[in-house]
Amino acid sequence: MFRYGQVMAAVALAVCAAPALATEFPNPLPEEAVSSVLALPEHYPQSWMIVHGFNYQSMVDGRGGIIDLAADDHNLKGTVTIGHFGNIAVSSTRPEIYTSDTYYSRLSRGTRTDVITIWDKASLRPTGEIELSKRGQFLTNKNSFQLTNNERWALVFNFTPASSVTVVDLVGRRVLSEIDVPGCSMVYPTGERGFSTLCTDGTIVSFVLAADGTAASTKVSKPVNALDTDPMKMMPAMIGRTAWFVTYNGKLRAFDLSGAAARDAGGFAIDTKGVEGAAPEWRPSGWQLITADAAGRLYVLMTPNGHDGGHDDPGTEVWVIDPATKKRVQRIVLETPAPSIEVTRQSAPLLAAARPEGFIDVYDVATGKLLRSLGGNIVPNPLTMTALP
């Protein structure tokens, strides 16, 4: 145990040594600026991806991490902050990233402010805000915040508990309208200027929007979503303008969103016959559990332990499916189970598998081999990932 005299002696030795050190190093290194900022390109490479994390402890510390899946080091290129139960969308026509956020004057309580924050892609600095009157709050879901009208407008899903969609002019930076969607959830951009939404009676309701952002027309489909027996997960994979949904029990359903209203384009069941190791059965499982590559192949996160109530469990394999032939063409075995997956849009795609503890595992799709694991501090609890076009 140190005594007072010992401490003072140590201090005296350090002071006496200081002149000697100054003599030994007569030209010390110059002081380095604390804030060293590098600009990113306005158009991100296709090996980059945006990962959205969620802090379960505070519920307010959200982040969007821009990562390079192809780099062996310095994978994290930058981050943007995302407010309470926020969401993120990326423009492909302008050098901008958008977040829909909620903030409180006392962090988790006090006066509430809902906004869309506009971020510059190169500097990752906020360049503007559009204040909202409301927005829904839930675990990050891509389809609660989408872009339409050639990405000039944003669609914000509200649940307060009445459900509605706010239409926001991102260029003019103002709210245009609020459209009631009673009994319906999420937004799926449809046609040139509109959106569709999934409803509790199993139908899909499609809206065409007028130039002022109000609803010009509405069309209701026949029931297409078997909510009581085999419901669709709400985050689809997009192949062109076709949305591919996966059901809890393992069916793939396609909807053409290129026209004024969502059109049922059929589907098929994922073939699980002859696959060993299922206990009790192979099923899709996870949070962001389906995605697609530039060649039009689907990637579905699967678990051999499929059971009622386990639809959000991490998956152990990724099955690659060709929707044209309705056949599984590849199985990628994950070294660590993951709740979310995404693939880059490169000709030789990379597969990202997010792990709950914050790691992002990167696989080579061609070989199915794990290439690298990106640190545990990219973002907390990564849930959704967005590939770049």
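So the values come out like this:
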| item | result |
| --- | --- |
| Test: residue in the range 156-174 that is over 18 Å from Thr197 (Cα atoms), touching a strand residue (DSSP E or B) at 6+ places or on another chain (Cβ under 6 Å) and in a strand (DSSP E or B) | yes |
| Some residue of the range 228-243 being over 26 Å from the mean Cα position of the chain (by Cα) and either surrounded by fewer than 16 Cβ atoms within 10 Å (Cβ to Cβ) or assigned to a strand (DSSP E or B) (or both) | yes |
| Residue satisfying all of: in the range 116-131; within 18 Å of the chain's Cα centre (by Cα) and outside any strand (DSSP E or B); surrounded by the fewest Cβ atoms within 10 Å (Cβ to Cβ) among these | Leu124 |
| Considering residues of the range 244-279 that are among the aliphatic types (A, V, I, L, M) and assigned to a strand (DSSP E or B) only, the residue farthest from Val187 (Cα to Cα) | Ala269 |
| Unmet requirement for Leu107, which otherwise passes all of (1) surrounded by fewer than 18 Cβ atoms within 10 Å (Cβ to Cβ); (2) hydrophobic (A, V, I, L, M, F, W, C); (3) free of Cβ contacts under 8 Å to residues at least 40 places away in the same chain; (4) more than 17 Å from Gly375 (Cβ to Cβ) | (3) |
| Condition met for Phe54 (under 20 Å from Ala387 (Cβ atoms) and either modelled with pLDDT under 90 or surrounded by 23 or more Cβ atoms within 10 Å (Cβ to Cβ) (or both)) | yes |
| Boolean, Ser217 is in a strand (DSSP E or B), more than 20 Å from the chain's Cα centre (by Cα), of a type in the set (S, T, N, Q) and crowded, with 16+ Cβ neighbours inside 10 Å | no |
| Any hit, the range 312-328, residues being surrounded by fewer than 20 Cβ atoms within 10 Å (Cβ to Cβ) and over 20 Å from Ala366 (Cα atoms) | yes |
| Condition met for Val187 (aliphatic (A, V, I, L, M), part of a strand (DSSP E or B) and touching a helix residue (DSSP H, G or I) at 6+ places or on another chain (Cβ under 7 Å)) | yes |
| When residues of the range 140-162 are limited to those that are at pLDDT 95 or above and β-branched (Val, Ile, Thr), the one nearest to Leu383 (Cα to Cα) | Val156 |
| The range 332-372 - residue that is surrounded by 15 or more Cβ atoms within 10 Å (Cβ to Cβ) and of a type in the set (Ser, Thr, Tyr) and, of those, farthest from Asp73 (Cα to Cα) | Ser340 |
| Qualifying residue in the range 74-92 (condition: part of a loop (DSSP other than H, G, I, E, B), over 20 Å from the mean Cα position of the chain (by Cα) and closer than 18 Å to Gly358 by Cα) | yes |
| Criterion violated by Gln137 - all others in (1) modelled with pLDDT of 95 or more; (2) not in a strand (DSSP E or B) satisfied | (1) |
| Inter-residue pairs, beta-carbon under 7 Å, first without any contact (Cβ under 8 Å) to a residue 12 or more places away in the chain and within 18 Å of Glu317 (Cβ to Cβ) and in the range 369-380, second among the aromatic types (Phe, Trp, Tyr) and crowded, with 17+ Cβ neighbours inside 10 Å, 6+ apart | Lys369/Tyr363 |
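Yes/no matrix, rows are residues, columns are (1) closer than 28 Å to Leu370 by Cα; (2) crowded, with 18+ Cβ neighbours inside 10 Å:
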residue	(1), (2)
Ala71	yes, no
Gly83	no, yes
Ile97	no, yes
Asp114	no, yes
Ser133	no, no
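The values are calculated or read from the model by the stated rules, or taken from the named source; none is laboratory data. All values reported here derive from a predicted model rather than from experimental measurement. With ideal geometry, Cβ positions are generated from the backbone for all residues, glycine too; neighbour counts draw on all protein chains shown.
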